[in-house]
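The values are calculated or read from the model by the stated rules, or taken from the named source; none is laboratory data. This structure is a prediction, so every number in the text was calculated from the model and none was measured. Ideal geometry is used to build each Cβ from the backbone, glycine not excepted, and the neighbour counts take in all protein chains shown. Surface areas here come from the heavy atoms of the whole protein model, side chains and all, with no ligands, DNA or RNA. Shrake-Rupley method; radii C 1.70, N 1.55, O 1.52, S 1.80 Å.
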Amino acid sequence: QVQLVESGGGSVQAGGSLRLSCVASGIIFSINTMGWYRQAPGKQRELVAAITSDGRTNYADSLKGRFTISRGNARNTVYLQMNNLKPEDTAVYLCKADTAGSWVYWGQGTQVTVSS
């Protein structure tokens, strides 16, 4: 089992920045890829960014250049630096972990609200 806890969400004005954190606990040695997804009201959940255990990253094309994903030294933490936020970035941001046993775990999510 892996538990994921997100933090760092909040309300900002357009053009502002936020840094989200996701801390994994439990069987963390089994985690391969960690990532961030987001879901806005009435929309499907979509990939924001992901990072593998060896540091390879993948971003949604529309977010490249504004968002940066990174992993902490302890490798059980993943961060999402979000710059130049826009109202359309408003969503619940969820952390996801994929494990070696092909199990998938999700956090509860953290709300990001960007006002114009």
Average accessible area per residue (Å²) across the stretch 25-116 - probe 1.4 Å, nucleic acids and ligands excluded:
54 Å²
Could you work out Rg/(2.2 N^0.38 Å) for the chain, with Rg from alpha carbons only?
1.00
Accessible surface of Asp61 - all protein chains present, 1.4 Å probe, nearest 10 Å²:
120 Å²
Whole-Hz ³J(HN,Hα) from phi, Karplus 6.51 cos²θ - 1.76 cosθ + 1.60, for the stretch 14-25, glycine and proline x
3, x, x, 10, 9, 10, 8, 10, 9, 10, 9, 9
Using θ = phi - 60° and the Karplus relation 6.51 cos²θ - 1.76 cosθ + 1.60, list the HN-Hα couplings for the stretch 63-75 in order, rounded to whole Hz, with x at every Gly or Pro.
10, 4, x, 10, 10, 9, 9, 8, 10, x, 4, 7, 6
In Å, the C-alpha Rg and Dmax of the stretch 57-116 are 13.2, 43
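For the chain, what relative contact order do you get, as a whole percent, if you take Cα pairs closer than 8 Å and at least 6 residues apart? Intermediate results must be reported in sequence, preceding the final value.
Working: 287 pairs, mean separation 42.1, N = 116.
RCO, the chain: 36 percent.
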In Å², nearest 10: area of Lys86 left accessible to a 1.4 Å probe
80 Å²
Pop a pseudo-label 7 angstrom from the Cα along the beta-carbon direction at both Ser30 and Ser102 and give the gap in nm to one decimal.
1.4 nm
